[in-house]
2 protein chains.
Amino acid sequence: MNLQDYHLTLQDVSDQRPEYLETIFSLGNGHFGVRANDPINGNPISGTLINGFYETAPITYGEAGVGYAQKHQTILNLPDLRHIHVTTNTGHHFTRSKRTATDLDLSSGKLVEDYLTSTEQGETVRMTVTSVMGQQRSNFWAIGYTFAPGNYAGGLLISKSIAVPAEVEAIASADPRKTRLAGVPICETTFLAADLQRYHVKTHNTKQAVTLYLGLLTAQASLLQQSVDLSDRQPHTLEYEVYVGDISRQNTIDPSAMFVPTSLDALTADSRDFWQDVWQRSEVAVEGNDELDLAIHYNVFQLNQAAGRDGRTNIAAKGLSGSGYEGHYFWDTEMYMLPYFIYTNQQMARQLLVYRYQILPKARERAHALGANQGALFAWRTINGEEASPYFPAGTAQYHIDADIAYAVGKYYEITRDLDFILQCGFEMVLETARFWEDFGSWQQVGTDCRFEFHTVTGPDEYTALVNNNYYTNRLAKHNFQLVVDLAREIQKRSPGNLETFGVSESDLDVYQNLADHVYLPYSTDLKINEQDDSFLDKPRWPKDRSTPDNFPLLLHYHPLTIYRYQVAKQADTLLAEYLFPEDLTTEELKREYRYYEGVTTHDSSLSRSIFSILAARMDDREKAYNYFMDTARMDLVNLQGNTADGLHLANLGGSWLALVAGFSGFYVQDEVVHFTNHLPKNLKRLTYRMKIAESVLEIDLTATTTNVTVISGPIPTYGVSVNGKLISLEKVS
Amino acid sequence: MNLQDYHLTLQDVSDQRPEYLETIFSLGNGHFGVRANDPINGNPISGTLINGFYETAPITYGEAGVGYAQKHQTILNLPDLRHIHVTTNTGHHFTRSKRTATDLDLSSGKLVEDYLTSTEQGETVRMTVTSVMGQQRSNFWAIGYTFAPGNYAGGLLISKSIAVPAEVEAIASADPRKTRLAGVPICETTFLAADLQRYHVKTHNTKQAVTLYLGLLTAQASLLQQSVDLSDRQPHTLEYEVYVGDISRQNTIDPSAMFVPTSLDALTADSRDFWQDVWQRSEVAVEGNDELDLAIHYNVFQLNQAAGRDGRTNIAAKGLSGSGYEGHYFWDTEMYMLPYFIYTNQQMARQLLVYRYQILPKARERAHALGANQGALFAWRTINGEEASPYFPAGTAQYHIDADIAYAVGKYYEITRDLDFILQCGFEMVLETARFWEDFGSWQQVGTDCRFEFHTVTGPDEYTALVNNNYYTNRLAKHNFQLVVDLAREIQKRSPGNLETFGVSESDLDVYQNLADHVYLPYSTDLKINEQDDSFLDKPRWPKDRSTPDNFPLLLHYHPLTIYRYQVAKQADTLLAEYLFPEDLTTEELKREYRYYEGVTTHDSSLSRSIFSILAARMDDREKAYNYFMDTARMDLVNLQGNTADGLHLANLGGSWLALVAGFSGFYVQDEVVHFTNHLPKNLKRLTYRMKIAESVLEIDLTATTTNVTVISGPIPTYGVSVNGKLISLEKVS
């Protein structure tokens, strides 16, 4: 496999509206993100998002209740870093701008945009904007503006500074009383030198602070007044660098933090190194469809841009590409995005799980607020660990997030065998979530059958709420119990004496094993399929006369009460459990269940199609797998959901990677064996991708007739590798 | 039975806090209510509530959804009519006041209160306040202040006017911008003469208007300046009358509406006539417990004060005694309060049902918003007919309100045979609600059984939400279908040709009969009881370790998710259906079911105990019936729920009447026979009460050994009367 150059350009996307392109061409590095807004004529949805930098505001309920989420948490939209103020030397202001070309280099992270900009008086100038994020140097971002003559070839006066966002200015000037300004941060700016601006931003309620610096890299001049003379008809470039400090949690500004500018080139080199490393360990390429090939590269690129790397932040539902879902972290991370990191970048995966450990104390509080006497319940949507979902039937009721996180810990350990993480963070999370399930569930005697049940929960399918014994929830809780036992055995084996420090005795383990053995899993003997919940199959199907395209997504057309009373699913629910536990069903059973649930699923959630693709591949229905995959792979590039302007659908990006890897190549890990099965759809000539499992980078290469797994770097793995059902010996590529 | 004088005094209530007494001694006449606040030292919770005079404000949702209720509707708290400004002629202001005695005469509606009032300087004066509502003249209220020397016996300067409420003043003066004032009405006041003030109040959003007049009845003087000289050491009285106009729906003021003051005595006579008539047809007396005897009189008194009489208003959950529940009308009316009116005052009952007919167009809109293609769905809580419940799981999901209203129409017709009402209003409501059920439910094939089911509903029990086949809901919907057929047959019989005008054909009636015959009623073959819903009995019981008194009411201590997942009921649910349909169960079956549900019911709702009392009486468990009754009968007089300051628990007042009548005397009507059965608890020597059924006032008299029913006035009824299981012939008392 040759690591190739991939570029995303304007020609590769279907929508040309500025707010859409801002999202698509946004840059990020896990710490912060910069949307690709037009530097001249403002920003439909500006600007700069710092992962985990947020403000709170009280949630207002028409009718409140005990234990309801108390505060909105909202990621702050910070000043536009790309804006530049350009006038002719006769004072004509360049206010109009048209994007003429854009090129995002996925192998270096460099974004180059061409604009034709003009004054009210009709003078035009061509402007090329080059920007890049620091990646190892993740506090940095640099931008260069190259001006070349259009119909105007005279002098230009240029000014650039970090400006207080318009919203803040407007409110601040209107009213000196501060009570209504709680959501708006406090901004202070100082010019430390003519070419260096410092900008502090502090929040009222969350007591966070961040310091930004803007430095002029080229020329000895003032940020507020530079000049360029185009009369030589040559292009002239001005370069700037911005430092975005780490978030201070004490609302204090560190005056000693001083920014030393480098150069756009240096930052580009830093970025290129990072991306080369990413592609080296996680390149994914397909032959037979260039659009798709580019799309999957783009998806992997954006996953890496979005993920927090510091153990205190995570992956927001829209990454750092937009403020949709308020910058909150959901179960999307563990179920849809984390697998990519577990299997390509162990350190990143660990950091994402460490974030969950950081908020474990809040999860303990939440369990208590929900009436549990023990354990921890993670918030359904959050930044700081507190529940921020104001609609509990599709928020807090999705208790399964607890088991999702435990599942992710298990998958992480399974392949990394990172006992240090388990001892420091992982086991405690698995134990505390199991303790919650133990308290939350109840023993029910049904005939001679004694079983452990969970009532009034909402599963992944948000079109069905507050039901008993959701299969997905119960299956994952069962696994959560089992994981306590399994990890405890690992600790006993690999680190004797350490289990006791968690207050876990042998008899506790017996209790968890017994719970794992007795969690009830609803099954329809009529249909011979696992049942989504106790009542799902008893409900009428969604009416045919309301199934024309203009009725979807249902949530935008119908009251929840109307949706809830039908047997209709927004997304994979029981099938999501089947995807996670391939050992549970024979192919025949899976086919039967798939056929049934496919008939009642609308895929109104962006989390659905990838799972349907993976399972179709597992059933070897390659055409169906391909079709579902095609809907996921280019979801944002074709603006399928119509709301990409609010940010990318990060979980779907992760899901599209899963569809290729877990779907087309049948990847899964079980009992220390890594399995691959060739389900390559006939529309694709070839699929080649890399993973890093333990210390080894593997390359998997599939064609219609061949399935090869080779070791690209690192040792020959000690785990088993099975290809198309046969254990093979790996060889290292020369 | 001798119609006696009953007086409620300070000695009869357990709580002496002003805000509590304001509620208890509030006066009303269906059109408006005046809380008994202290005229001197202000009003913890002032003031004047006009039935149906309300303002709207947008409901804010943390996370909104399609079809959610859009606007809060809030009854307005209007100016305090009781306030009076008193100073010594040396300018010392009487600002302190202590209520020393209070007497509410239930036979005349006159309220007399004694206060000792004082200045900052220590002068004291005794003040007796006499007030009365017009009843036939329901726009009027009068008040007299009698001053007598305390330690001060000099001149007094007195001023009285209707003042803009403090809240309005404060906001109006703070900020000229009106956007935040939407909820506050516009007030304008004019002195038409020195002794006559006019006060207009208009709402912004609902475009309602009301005109108030305040007139000075005694002395030729100015409202703003009167004087009294106590140096003769005699009491001196000043009297005033207030006219509260009808609500104008066009936000217009009728300048010609002119108020002609009468006198406190004249208004007292008007009030006494009204109450004599009330008692004449609905006196309820018990012997053996004076407290209880007074309490039940008080309850009937307050029911009559609260009920709207104009066909455009109804009975708010707190009546006109407080602004709790925002002045909204609930199902409480039809299920708990209307029976009293149906069986004592047919005209009032009709007007309360006409109100529902007035909002039928809104109910049609609501059905459509909830995804129905036909029919009407009444709002769970409302003033203007639009849904105002911001929490749909315990609001809109209580679809049963539709069948409750239909049931009430049926009960009204059953005893009145008022075909005119059925043709003008009743049948259309029954038909439109049935049409909703038809659209809302679905046919399910279970084995060979084809049944009609209702999914994702909330029954009366608000501790269980969004379940399938709630027994109460299904039973009432079944009755709703049957009622269409039964009333259609009545129309065919009594007014041939009229059925067609409703667009109802014979084949439609076949459809409704078939639906009525096939509505599914869940039944537990294990427990041999009707099942509250498909899943209630599968849930664990509420934990014993959370059953100490400080855990109740559960809704104030636990998240709804915690409550919902247990088998725990806030109130009678399945048993409420059993109460409504005595023919459904044998006594043995009822006992079994009662025993079961009693064990899982917390009675956290004030609607619960009265039903448990009635059914215990039906089972002839007289001691239990008495105990539950005792908790309901004096609920507000002992401030059992602790929140009587917000207003009286009107439904419970109605429920306590039901407990006596439907419980202790076993009253029910079926197939044109009125049944009475003596279940008098041994703690009571005697129960005597009156009802007006059709044109006849009956008196029912129970002792341990006797059960007598006699006709007090009107003709000997044509319907059958059964006493203790035997049909009897009624005789008219001499």
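The values are calculated or read from the model by the stated rules, or taken from the named source; none is laboratory data. Note that the coordinates shown come from a computational prediction; the quantities given were computed from them, not determined experimentally. FYI the Cβ positions are ideal-geometry reconstructions off the backbone, even for glycines, and counts take in every protein chain you see.
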- For residues that are more than 14 Å from every other protein chain (Cβ to nearest Cβ) and surrounded by fewer than 24 Cβ atoms within 10 Å (Cβ to Cβ), scanning just region A:569-582, find the one that is farthest from A:P339 (Cα to Cα). A:Q571
- Among (1) surrounded by fewer than 24 Cβ atoms within 10 Å (Cβ to Cβ); (2) modelled with pLDDT of 95 or more; (3) within 14 Å of another protein chain (Cβ to nearest Cβ); (4) out of contact with any strand residue (DSSP E or B) (no Cβ under 9 Å at 6 or more places or on another chain) - the single one B:G324 does not satisfy: (2)
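Conditions tested, residue by residue: (1) modelled with pLDDT under 95; (2) β-branched (V, I, T); (3) assigned to a helix (DSSP H, G or I); (4) within 19 Å of B:G319 (Cβ to Cβ).
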position	(1), (2), (3), (4)
B:S605	yes, no, no, yes
B:I614	no, yes, yes, no
B:K624	no, no, yes, no
B:Y628	no, no, yes, no
- Message: Taking the criterion of being under 30 Å from B:W380 (Cβ atoms) and away from every other protein chain (no Cβ under 14 Å), would at least one residue in region B:489-496 satisfy it?
- Response: yes
- Item | Residues (modelled with pLDDT of 90 or more, of a type in the set (V, I, T) and touching a Lys or Arg at 6+ places or on another chain (Cβ under 8 Å)) located in region A:248-305 | A:T268, A:V284, A:V286
- Query: How many residues are free of Cβ contacts under 8 Å to residues at least 60 places away in the same chain and either in a loop (DSSP other than H, G, I, E, B) or not acidic (D, E) (or both) if we restrict to region A:572-600?
  - Reply: 10
- If B:S108 passes every condition in (1) part of a loop (DSSP other than H, G, I, E, B); (2) out of contact with any Lys or Arg (no Cβ under 6 Å at 6 or more places or on another chain) but one, which one does it miss? (2)
- Of A:G91, A:G67, A:G52, A:G122, which residue is within 14 Å of chain B (Cβ to nearest Cβ) and either without any contact (Cβ under 8 Å) to a residue 12 or more places away in the chain or not in a strand (DSSP E or B) (or both)? A:G67
- Taking region B:512-568 and keeping only residues that are within 20 Å of B:N468 (Cβ to Cβ), facing chain A (nearest Cβ under 10 Å), of a type in the set (S, T, Y) and not in a loop (DSSP other than H, G, I, E, B), one is left with B:Y564
- Message: Would you confirm whether or not region A:171-178 contains a residue that is modelled with pLDDT under 85, buried (at least 21 other Cβ atoms within 10 Å of the Cβ) and closer than 24 Å to A:H72 by Cβ?
- Response: no
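To keep it simple, each residue is scored yes or no on (1) in contact with a Lys or Arg (Cβ under 8 Å, 6 or more places away or on another chain); (2) closer than 19 Å to B:R312 by Cβ; (3) among the small types (G, A, S).
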site	(1), (2), (3)
B:T333	no, yes, no
B:P339	yes, no, no
B:R350	no, yes, no
B:Q358	yes, yes, no
- Task: Provide a single number: the residues in region B:258-292 that are in contact (Cβ under 8 Å) with a residue 12 or more places away in the chain, under 28 Å from B:K682 (Cβ atoms) and not small (G, A, S).
- Result: 8
- Task: Consider B:G109 carefully, then state whether it is within 30 Å of A:H559 (Cα to Cα) and either buried (at least 20 other Cβ atoms within 10 Å of the Cβ) or within 14 Å of chain A (Cβ to nearest Cβ) (or both).
- Result: no
- Note on the structure: Per the filter on region A:294-346, residues under 23 Å from A:K411 (Cα atoms) and among the acidic types (D, E) are A:D310, A:D332, A:E334
- Message: Against the definition (under 25 Å from B:I611 (Cα atoms), of a type outside the set (D, E, K, R) and away from every other protein chain (no Cβ under 14 Å)), how does B:F481 come out, yes or no?
- Response: yes
- Message: Can you find a residue that is away from chain B (no Cβ under 11 Å), in contact with a strand residue (DSSP E or B) (Cβ under 7 Å, 6 or more places away or on another chain) and surrounded by fewer than 21 Cβ atoms within 10 Å (Cβ to Cβ) anywhere in region A:419-426?
- Response: no
- Residue selected from region B:433-475 under the condition part of a strand (DSSP E or B) and under 30 Å from B:F502 (Cα atoms), by the criterion nearest to the other protein chains (Cβ to nearest Cβ): B:S442
- Item | All positions within region B:367-380 that are more than 10 Å from chain A (Cβ to nearest Cβ) and buried (at least 20 other Cβ atoms within 10 Å of the Cβ) | B:A367, B:G375, B:A376, B:L377, B:F378, B:A379, B:W380
- region B:316-344, residues that are farther than 14 Å from B:I359 by Cβ and assigned to a loop (DSSP other than H, G, I, E, B): B:A316, B:A317, B:K318, B:G319, B:L320, B:S321, B:G322, B:S323, B:Y343, B:T344
- Item | Out of B:A363, B:A349, sole residue that is small (G, A, S), within 13 Å of the chain's Cα centre (by Cα), assigned to a helix (DSSP H, G or I) and over 30 Å from B:E19 (Cβ atoms) | B:A349
- Query: Restricting the search to region B:332-355, which residues are out of contact with any Leu (no Cβ under 7 Å at 6 or more places or on another chain) and either surrounded by 24 or more Cβ atoms within 10 Å (Cβ to Cβ) or among the small types (G, A, S) (or both)?
  - Reply: B:E334, B:M335, B:I342, B:Y343, B:T344, B:L353
- Hey, among the residues in region A:19-49 that are of a type in the set (A, V, I, L, M) and in contact with a strand residue (DSSP E or B) (Cβ under 9 Å, 6 or more places away or on another chain), which one's farthest from the other protein chains (Cβ to nearest Cβ)? A:I40
- Item | Output for region B:22-67, where each listed residue is buried (at least 21 other Cβ atoms within 10 Å of the Cβ), among the aromatic types (F, W, Y) and within 22 Å of A:G62 (Cα to Cα) | B:F53, B:Y54
- Message: Give me the residue from region B:393-414 that is of a type in the set (A, V, I, L, M, F, W, C) and within 16 Å of B:P460 (Cβ to Cβ) and, out of that set, nearest to the other protein chains (Cβ to nearest Cβ).
- Response: B:A397
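Okay, residues lined up against (1) touching a His at 6+ places or on another chain (Cβ under 7 Å); (2) assigned to a loop (DSSP other than H, G, I, E, B):
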| position | (1), (2) |
| --- | --- |
| A:E386 | no, yes |
| A:P390 | no, yes |
| A:Q398 | no, yes |
| A:I401 | no, no |
| A:D404 | no, no |
| A:Y407 | yes, no |
| A:Y412 | no, no |
| A:D420 | no, no |
| A:L423 | no, no |
- Here are A:T74, A:T60: which of them is under 30 Å from A:Q351 (Cα atoms) and within 14 Å of chain B (Cβ to nearest Cβ)? A:T74
- Query: Within region A:431-451, is even one residue of a type in the set (S, T, N, Q), over 24 Å from the mean Cα position of the chain (by Cα), over 25 Å from A:K692 (Cβ atoms) and buried (at least 20 other Cβ atoms within 10 Å of the Cβ)?
  - Reply: no
